[in-house]
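Colleague: Structure provided below as structure tokens; questions to follow.
The values are calculated or read from the model by the stated rules, or taken from the named source; none is laboratory data. Computed from a prediction, not measured in an experiment: that's the story for all the values here. Every residue, glycine as well, gets a Cβ built from its backbone with ideal geometry; the counts of neighbours run over all protein chains shown.
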Amino acid sequence: MLYIMVSGTKGDDPREVAERKRPYYGSRVDKSPQKKQRLSSHIGSSSPRLPPEIIMQIISEIIDRRTLLRVCLVNQAFKGFLSIDSFRSAYTEEVRRGEYTSDNAIDTITKHMKEHREAALMIFEVTWKGMIHEGQLKGAVAFLNRLGYRLDEEDFDTVLLSLRTMYDTVVLGTSWDTWAAALTAADFLHEEYRNNDTSKMIRRIRHEAASRRREIVCQSMLQVQQDNAFCVLKGLRQYYDLELYREKRDSEKRTKINDALIEVVQAMLRLSIQEHQWAEACRQAYALLDLNGDVDSYLQTLKNICSQAISEDRWADAMEIMGSFKNYTDVAKESLDSLRSQWYAADGIRWTYGNAVF
């Protein structure tokens with residue numbers, strides 16, 4: 001039964017696990033607090049008379065996995081109304097709260113993969129998506145690698161098939177998390193199998209993202225996990241870079257591709273500035289210059305981000321940004337004069353040595 005097969009996870013109270021496994025004959029003494037005992041008694045006595053839709057409503061509003069298990073133990077009538085989606089919601093909440101970790105998931109999946117595959121794959125999916133939601137892209141990849149060490153080849157292939165199935169059709173939604181998950185999954189599958197199918201999967205997902213570029217790029221980046229947004233923007237840029245390389249003859253098509261690239265790089269520049277990644281912002285500003293040839297805008301951006309780096313005592317970043325001025329000293333005199341004054345006024349002995357550009 002579903003409520004049994006997903007319950008044996010590391011971190012559960014041993015007494016609670018024992019209670020789940022022990023048959024209930026009505027003679028067990030309930031040692032839970034009095035308030036919970038009254039609630040359990042109420043459910044136990046009234047649930048048989050409740051209409052099915054009311055029972056379903058009660059279950060749908062329980063978001064705690066342990067509460068779901070207790071309800072099943074208290075009254076057998078609830079068991080028939082539980083679905084894997086009930087536990088999916090409960091596990092999702094635990095993952096998001098950090099109460100159910102990737103270590104817990106790996107232990108559960110390896111333990112139940114043979115006999116309870118559907119539940120094990122549900123836990124894999126919830127954990128994967130939860131880690132992506134938190135911007136843990138490297139952690140999600142490490143989670144897959146660790147699963148690969150713990151499972152045999154057949155079971156790990158089943159997990160990877162489940163991963164592929166998540167993104168094997170049109171990717172729904174425009175959120176940064178959704179596209180970061182799809183791109184990360186495709187990259188991992190290609191690294192694992194390196195065949196034509198996985199290559200096509202990467203191209204398809206990037207093409208889908210490109211077809212919805214405006215929706216994706218124009219959405220807010222204020223609440224997004226930085227790594228997720230960078231992952232998606234990087235995927236879009238790789239797609240358009242390849243398209244521009246392939247299109248040799250049609251100047252109109254090249255212009256459209258170049259304009260799309262400008263939009264993506266501008267988004268990467270905005271995100272870098274938002275996250276105070278000044279050296280990365282400098283690199284994105286140069287990429288933008290290469291695409292639009294706007295020197296004045298480029299120099300103004302360099303001045304602004306270098307000023308921010310100095311004010312935050314980011315000496316290494318400021319040094320890298322100043323190096324970008326070296327080919328424009330004749331047209332950036334005003335900006336350099338302003339930065340020179342700020343540079344020497346900054347606190348710390350390292351700022352007293354100046355810069356070769358000054």
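Colleague: Being assigned to a helix (DSSP H, G or I) and under 22 Å from residue 221 (Cβ atoms) narrows it down to one residue among 341, 335, 297; which is it? Walk me through how you get there before you give the answer.
Modeller: Numbers: 341 fails: under 22 Å from residue 221 (Cβ atoms); 335 fails: under 22 Å from residue 221 (Cβ atoms).
That would be 297, the only listed residue that is assigned to a helix (DSSP H, G or I) and under 22 Å from residue 221 (Cβ atoms).
Colleague: Then there's this: Is it the case that segment 114-127 has a residue that's modelled with pLDDT under 90, of a type in the set (Gly, Ala, Ser), farther than 20 Å from residue 227 by Cβ and surrounded by 20 or more Cβ atoms within 10 Å (Cβ to Cβ)?
Modeller: Yes, because at least one residue in segment 114-127 is modelled with pLDDT under 90, of a type in the set (Gly, Ala, Ser), farther than 20 Å from residue 227 by Cβ and surrounded by 20 or more Cβ atoms within 10 Å (Cβ to Cβ).
Colleague: In this structure, does residue 352 turn out to be loosely packed, with under 11 Cβ neighbours inside 10 Å and either of a type in the set (Val, Ile, Thr) or in contact (Cβ under 8 Å) with a residue 12 or more places away in the chain (or both)? Quick ask: steps written out before the conclusion?
Modeller: Numbers: loosely packed, with under 11 Cβ neighbours inside 10 Å: yes; either of a type in the set (Val, Ile, Thr) or in contact (Cβ under 8 Å) with a residue 12 or more places away in the chain (or both): yes.
So residue 352 passes the test.
Colleague: Right, here's the next one. Looking at 318, 356, can you tell me which residue is in a helix (DSSP H, G or I), of a type in the set (A, V, I, L, M), farther than 19 Å from residue 230 by Cα and outside the structural domain of residue 215 (by TED's automatic domain parsing)?
Modeller: Exactly one residue qualifies, and that residue is 318.
Colleague: Would you call residue 141 farther than 18 Å from residue 191 by Cα and either in a helix (DSSP H, G or I) or among the acidic types (Asp, Glu) (or both)? Walk me through how you get there before you give the answer.
Modeller: On the way: farther than 18 Å from residue 191 by Cα: no; either in a helix (DSSP H, G or I) or among the acidic types (Asp, Glu) (or both): yes.
The answer is no for residue 141.
Colleague: From the list 289, 236, 242, pick out the single residue that is in a helix (DSSP H, G or I) and farther than 30 Å from residue 200 by Cβ. It would help to see each step written out before you state the result.
Modeller: On the way: 236 fails: farther than 30 Å from residue 200 by Cβ; 242 fails: farther than 30 Å from residue 200 by Cβ.
Being in a helix (DSSP H, G or I) and farther than 30 Å from residue 200 by Cβ holds for just one of 289, 236, 242, which is 289.
Colleague: Of the numbered conditions (1) under 22 Å from the mean Cα position of the chain (by Cα); (2) surrounded by 15 or more Cβ atoms within 10 Å (Cβ to Cβ), residue 257 fails exactly one; give the number of that condition.
Modeller: (1)
Colleague: Here's something else I'd like to know. From the list 204, 194, pick out the single residue that is buried (at least 17 other Cβ atoms within 10 Å of the Cβ), among the basic types (Lys, Arg) and farther than 21 Å from residue 290 by Cβ. I'd like the intermediate steps shown before the answer.
Modeller: Numbers: 194 fails: buried (at least 17 other Cβ atoms within 10 Å of the Cβ).
Of 204, 194, the one residue that is buried (at least 17 other Cβ atoms within 10 Å of the Cβ), among the basic types (Lys, Arg) and farther than 21 Å from residue 290 by Cβ is 204.
Colleague: Name the one entry in 174, 169 that is among the polar types (S, T, N, Q), under 21 Å from residue 135 (Cα atoms) and not in a helix (DSSP H, G or I). Steps first, answer last, please.
Modeller: Details: 169 fails: under 21 Å from residue 135 (Cα atoms).
None of the others qualify; the one that does is 174.
Colleague: Now for a different question. Only one of 135, 148, 80 is outside the structural domain of residue 226 (by TED's automatic domain parsing) and modelled with pLDDT of 95 or more. Can you tell me which? Talk me through it step by step, then tell me what you get.
Modeller: On the way: 135 fails: modelled with pLDDT of 95 or more; 80 fails: modelled with pLDDT of 95 or more.
The unique qualifying residue is 148.
Colleague: Collect the residues in segment 321-332 that are among the hydrophobic types (A, V, I, L, M, F, W, C), outside any helix (DSSP H, G or I) and either touching a helix residue (DSSP H, G or I) at 6+ places or on another chain (Cβ under 6 Å) or outside the structural domain of residue 281 (by TED's automatic domain parsing) (or both), keeping them in residue-number order.
Modeller: Start the filter on segment 321-332 by keeping residues that are among the hydrophobic types (A, V, I, L, M, F, W, C), which leaves 321-322, 325, 331-332.
Okay, now just the ones that are also outside any helix (DSSP H, G or I), so 325, 331-332.
Across segment 321-332, the qualifying residue is only 332.
Colleague: For residue 199, work out the one condition from (1) over 19 Å from the mean Cα position of the chain (by Cα); (2) among the small types (Gly, Ala, Ser); (3) not in a helix (DSSP H, G or I) it doesn't fulfil.
Modeller: Every condition holds for residue 199 apart from (3).
Colleague: Based on what the data block shows, is residue 268 in contact with a helix residue (DSSP H, G or I) (Cβ under 8 Å, 6 or more places away or on another chain) and over 29 Å from residue 206 (Cα atoms)? I'd like the intermediate steps shown before the answer.
Modeller: Details: in contact with a helix residue (DSSP H, G or I) (Cβ under 8 Å, 6 or more places away or on another chain): yes; over 29 Å from residue 206 (Cα atoms): no.
Considered against the rule, which asks whether it is in contact with a helix residue (DSSP H, G or I) (Cβ under 8 Å, 6 or more places away or on another chain) and over 29 Å from residue 206 (Cα atoms), residue 268 comes out as no.
Colleague: Can I ask one more? Here are the criteria: (1) over 30 Å from residue 214 (Cα atoms); (2) surrounded by 16 or more Cβ atoms within 10 Å (Cβ to Cβ). Tell me which single one residue 177 does not satisfy.
Modeller: (1)
Colleague: Conditions: (1) surrounded by fewer than 19 Cβ atoms within 10 Å (Cβ to Cβ); (2) in contact with a helix residue (DSSP H, G or I) (Cβ under 9 Å, 6 or more places away or on another chain); (3) assigned by TED's automatic domain parsing to the domain that holds residue 205; (4) among the hydroxyl-bearing types (Ser, Thr, Tyr). Residue 307 meets all but one. Number of the miss?
Modeller: Unmet condition: (3).
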